[in-house]
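What follows is calculated from the coordinates using simple rules that are stated; it is not laboratory data. Keep in mind that this is a model prediction, so the values were computed, not measured. Counting neighbours? That spans all protein chains shown, and the Cβs are built from the backbone with ideal geometry, glycine included.
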Amino acid sequence: MSCGNPHELDCGEALAHLYEFIDGEIGAEDKQRIAAHLDECGPCLDEFDVERLVKALVHRSCGEHAPNALRAKVVAQMASMRIRFTPKQD
Ligand SMILES: [Zn+2]
Ligand SMILES: [Zn+2]
């Protein structure tokens, strides 16, 4: 999975850590690397499936959170990332 552009952090790796990124379970250094990647790589966010992310997070938390609340949290996070990291549309 790649947009074809060279990145310091691989697209697949960035997406693999997006779970932790959104869940807040990530070190400051990794968080910055992923934020930097998303900033220069809009396709990563577009490729990301929110429903799949919610399912993965629910699975990870072993039903600790209500799926609806978690889903709202993920959607809000995705929305805020899209505002900060607007994909180039031309
Ligand atoms: Zn990417
Ligand atoms: Zn890219």
- Note on the structure: Expected sort for Arg52, Arg33 with the fewest Cβ neighbours (10 Å cutoff) up front is Arg52, Arg33
- Item | Phi to ³J(HN,Hα) by Karplus 6.51 cos²θ - 1.76 cosθ + 1.60 over the stretch 44-58, Hz, x for Gly, Pro | 4, 5, 5, 7, 7, 8, 4, 4, 5, 5, 4, 4, 5, 5, 4
- With the Cα gyration tensor of the stretch 1-58 giving a ≥ b ≥ c as the square roots of its eigenvalues, does the rule (a/c under 1.5 for rounded; else a/b larger than b/c for prolate; else oblate) give rounded, prolate or oblate? oblate
